[in-house]
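The values are calculated or read from the model by the stated rules, or taken from the named source; none is laboratory data. These numbers were taken from a predicted model, which means no experiment stands behind them. FYI the Cβ positions are ideal-geometry reconstructions off the backbone, even for glycines, and counts take in every protein chain you see. Keep in mind that these areas ignore ligands, DNA and RNA; they rest on the heavy atoms of the full protein, side chains included. Shrake-Rupley method; radii C 1.70, N 1.55, O 1.52, S 1.80 Å.
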Amino acid sequence: MQRPGGNANIFANVLATRAEHSAAFAVSFSSGAMPKSSASSGANQSEALPVQVKTHRLLVVDDDAGFRESLCFLLKRKGYPAPLACAGGRESIKLLMEMPFDLVLLDLLLPDVSGLEVLGMLRQASLDVAVVVISGDSTIESAIGALRLGVDDYVRKPYVSEMLLHTIENVLRRRELEKSQRQLAAELERSERKYHFLVDASPDLIFMLDEQFNFSFVSKRVASQSGCGVDDLLRKPFLSIVHEEDLERTRYTLERVSQGACSTELRLIRRDETVCGHFEVSLIPVDSFPTNSFKGNGRRCGIYGVARDISVQKLNNDRLAFLAFHDALTGLPNRALYCDRLGLAIVQAKRNRMKVASMFVDLDRFKLANDTFGHQKGDELLKEAAGRLQNSLRETDTLARIGGDEFTILLPGLRTREDAACVADKLVSDMAKPFALAGIEVFLTASVGIAMYPDDGEDIETLLRHADLAMYHVKSRGKNGAGFFSSTMGEHTSRRLLFENEIRRGLESREFELHYQCQVDSITQKTVGLEALSRWQHPSKGLLSAGSFVPMVEEIGLMPALTYWVLQTACQDMQRWRDQGLDMPRMSVNISPCVLEQDDFHDRLLGILHEHSIPHEHIEIEITENVLVGDRQKVTDRLLRLSRERIRIAIDDFGTQYSSLGYLRYLPVNTLKIDQSFVREIERVDDTSPIIRAIVAIAAGLDLDVVAEGVETEVQAGFLRKLGCRKMQGFLYGQPLSVEKTEALLVPL
Ligand code: C2E
Ligand code: MG
Ligand code: MG
């Protein structure tokens with residue numbers, strides 16, 4: 001295929017050589033005169049172009065044998081390949097139909113079929129062959145007839161050789177020129193189709209604007225996006241498809257394009273005025289466009305524009321910007337935005353001599369609900385709780401979520417502390433109403449701490465910290481309430497810190513000891529088990545029971561250390577008792593969820609048992625239902641492994657946590673320990689306590705041991721016995737005792 005560049009060169013050659021050879025132009029038309037008709041005007045452009053290699057296939061048709069021969073001789077001498085020749089019109093038609101020719105030198109007066117008829121046939125069959133008529137018929141009519149039938153030139157007999165050869169060369173050259181022009185046109189058309197395709201298939205909207213910013217070209221995509229046809233848009237103002245809020249900016253940008261390319265973001269609208277998206281539009285003045293197909297001369301003559309749909313990107317950016325200041329789950333402001341608004345409220349309050357309340361709200365039982373029902377339901381609950389909090393507030397107040405179940409509330413422009421107290425009380429009572437979650441009523445309560453500007457702090461940080469402290473104070477007094485910050489709370493916190501350090505030190509300097517509490521068969525009065533309970537021999541406070549330090553040990557992450565120390569100590573004591581020939585009862589050890597979740601717990605426990613040669617079935621680990629709220633599968637696997645090792649598993653404080661009880665069917669549980677809070681409620685032997693009845697029934701149904709905790713009175717013991725619960729633990733049968741006192745109680749084997 002010929003390249004467009006090649007064709008351009010041909011044009012250049014034609015133009016360059018035309019002037020040079022025009023003098024030599026001598027094609028005869030009626031006795032070799034200079035051509036005046038349009039028939040030879042094409043030759044005008046191409047005359048004297050040298051035909052370098054003559055490969056043309058020529059046909060000479062003339063009834064005069066001498067003429068044929070001399071013409072063929074002349075042509076061969078001039079370098080043409082030997083032409084074919086024939087005497088009659090019929091034969092010439094046959095030859096022309098059978099093989100391709102470039103040129104026919106045709107006599108009009110033929111014996112059988114006339115030259116004009118041959119011409120008619122050629123045109124009818126659309127044969128692509130040039131025809132030069134060489135005729136003795138000198139009438140103008142025959143010349144006109146031949147020209148009408150589209151001959152390329154007309155030479156009268158007798159011809160001047162040089163003239164005829166020149167005519168032939170020019171006709172052939174013109175044909176080549178036309179052929180290459182046709183190729184060029186086809187190539188241009190292909191190229192245009194390609195560029196149209198590229199423009200229309202581009203995901204971008206491509207357009208051109210004239211000097212008045214009207215569309216002079218639009219890609220199909222512009223039309224489809226705007227809901228208009230291409231023709232509807234042409235000559236319409238670009239601004240007619242721009243969103244009205246973006247008009248000013250767009251107009252300004254368009255005016256600036258003459259100074260150089262620029263871009264802007266805008267919304268385009270459809271015909272029905274709806275927004276079809278956000279676009280980044282790049283506009284380039286076309287005089288800087290690398291083409292000469294536009295008006296040039298440094299004058300601005302239009303704008304080339306590309307609009308890229310950035311709707312998704314814009315949405316993401318907007319979302320990111322939103323998330324920088326909002327909580328993704330609830331859509332509420334986050335800490336950053338809260339602080340910003342609190343700062344503003346402080347400034348205004350200072351000016352107006354008003355007060356500001358900054359509240360810290362913590363949902364008391366959220367973690368349990370979240371762990372029990374799963375995170376998805378937990379999220380729903382949080383959203384509902386947030387909605388409930390929001391409903392108790394004015395429009396000018398700010399509710400922010402700053403952590404899992406932690407919210408802050410800003411009440412600006414208050415006159416008194418009581419105003420804040422009223423809102424807080426309402427929040428607390430609203431939150432205490434049940435939430436419906438997965439068809440179950442869930443009770444969440446809220447602990448609210450309040451810090452007031454300017455009374456409790458004059459800057460953002462102080463107010464936040466003090467509200468937080470006030471909230472902790474409410475929690476420590478039993479949750480579900482609201483309270484203001486007071487300056488004594490600072491002491492409380494520093495006491496906490498001190499206590500934390502003391503625990504660390506106490507663990508290092510072996511101030512902890514183990515006490516043992518008996519589990520007794522209340523019918524035989526035999527000790528069937530011991531529970532190991534940690535005690536802390538505090539240097540100044542004396543002996544502290546586990547309840548006063550275990551939560552803090554958990555909080556500061558020292559529970560694993562304490563637990564392994566308990567296991568070591570208990571096994572060591574058991575080993576010694578056995579060595580002394582004492583009856584070694586089963587030992588119960590409390591294991592926190594955070595320890596059970598440790599990957600090496602299983603191996604370390606077995607290692608300790610092995611070290612002291614303790615039969616595995618002599619150990620019962622006490623876990624609470626809370627272990628199931630984490631990674632349930634992991635915990636189940638872990639407990640199954642322990643059970644396969646014959647280590648017993650008890651559920652401590654049974655019945656106090658959220659639970660579906662379903663786990664009892666797949667967890668390897670051996671014992672249920674009825675929580676002391678249920679036992680405490682037994683007042684008479686015929687008490688109907690439904691929970692204890694249910695627990696004993698469950699244990700019987702699943703063939704589990706049941707131990708009642710916190711048994712302090714004979715009435716309680718009698719009631720439990722009546723229900724079929726024999727094993728008991730509580731002050732009635734003995735306080736937790738030191739190792740020596742416990743040892744004294746053990747009987748020899
Ligand atoms: P728990 O496992 O349910 O232990 C029973 C608690 O009830 C013990 O409190 C015990 O002294 C107390 N108690 C026993 N009988 C009675 C009674 O008749 N009346 C009353 N009012 N209380 C009774 P203690 O030792 O303060 O332990 C509290 C909790 O701390 C334990 O509850 C247990 O969950 C945890 N704990 C104790 N030691 C450890 C330990 O070494 N590791 C872990 N992880 N937790 C421990
Ligand atoms: Mg226990
Ligand atoms: Mg218990």
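Points worth noting:
- Only residues that are among the charged types (D, E, K, R) and closer than 14 Å to T408 by Cβ were counted in segment 457-483, giving 3.
- A single member of V711, V707 is of a type in the set (V, I, T), modelled with pLDDT of 90 or more, part of a strand (DSSP E or B) and within 12 Å of ligand 1 (Cβ to nearest atom), and it is V707.
- Subset of segment 596-613 that is more than 16 Å from ligand 1 (Cβ to nearest atom) and open to solvent by 20 Å² or more (accessible area, probe 1.4 Å) - its residue that is farthest from A532 (Cα to Cα): D599
- Qualifying residue in segment 658-670 (condition: within 16 Å of ligand 2 (Cβ to nearest atom) and over 19 Å from G374 (Cβ atoms)): yes
- Filtered residues of segment 441-487 (kept if within 36 Å of the chain's Cα centre (by Cα), in contact (Cβ under 8 Å) with a residue 24 or more places away in the chain and over 17 Å from A386 (Cα atoms)): I460, L464, D468
- Helices (runs of 4 or more DSSP H) wholly inside segment 150-256 containing at least 3 residues that are of a type in the set (G, A, S): 161-201, 220-226
- The residue of segment 569-595 that is most open to solvent (accessible area, probe 1.4 Å), among those that are more than 14 Å from ligand 2 (Cβ to nearest atom) and in contact with a helix residue (DSSP H, G or I) (Cβ under 6 Å, 6 or more places away or on another chain), is C594.
- Residues in segment 640-670 that are within 12 Å of ligand 1 (Cβ to nearest atom) and more than 28 Å from L444 (Cα to Cα): A650 alone.
- A Cβ distance below 8 Å, combined with a sequence gap of six or more or placement on separate chains, defines the contacts here; from segment 585-609, residues that are closer than 17 Å to Q729 by Cβ reach residues that are part of a helix (DSSP H, G or I) and acidic (D, E) in the pairs R586/E617.
- Annotation: of all residues in segment 638-682 being open to solvent by 10 Å² or more (accessible area, probe 1.4 Å) and aromatic (F, W, Y), the one that is farthest from ligand 3 (Cβ to nearest atom) is Y666.
- Within segment 351-408, being open to solvent by 30 Å² or more (accessible area, probe 1.4 Å), within 20 Å of A421 (Cβ to Cβ) and among the aliphatic types (A, V, I, L, M) holds for one residue alone: M354.
- When residues of segment 683-698 are limited to those that are touching a Gly at 6+ places or on another chain (Cβ under 9 Å) and open to solvent by less than 20 Å² (accessible area, probe 1.4 Å), the one nearest to ligand 2 (Cβ to nearest atom): I695
- Filtering segment 118-139 to residues that are open to solvent by 50 Å² or more (accessible area, probe 1.4 Å) and in contact with a Ser or Thr (Cβ under 8 Å, 6 or more places away or on another chain) leaves only S138.
- Wholly within segment 316-395, helices (runs of 4 or more DSSP H) carrying at least 3 residues that are under 26 Å from E461 (Cβ atoms): 335-352, 375-391
- Selection count where residues are of a type in the set (D, E) and in a loop (DSSP other than H, G, I, E, B), scope segment 111-130: 2
- Test: I608 is among the β-branched types (V, I, T), at pLDDT 95 or above and not in a helix (DSSP H, G or I): no
- Elements of type strands (runs of 3 or more DSSP E) in segment 436-545, at least 2 residues being within 16 Å of ligand 2 (Cβ to nearest atom) and surrounded by 12 or more Cβ atoms within 10 Å (Cβ to Cβ): 512-521, 526-538
- Just one of the listed residues (L205, L188) is farther than 30 Å from L268 by Cα and among the hydrophobic types (A, V, I, L, M, F, W, C), and it is L188.
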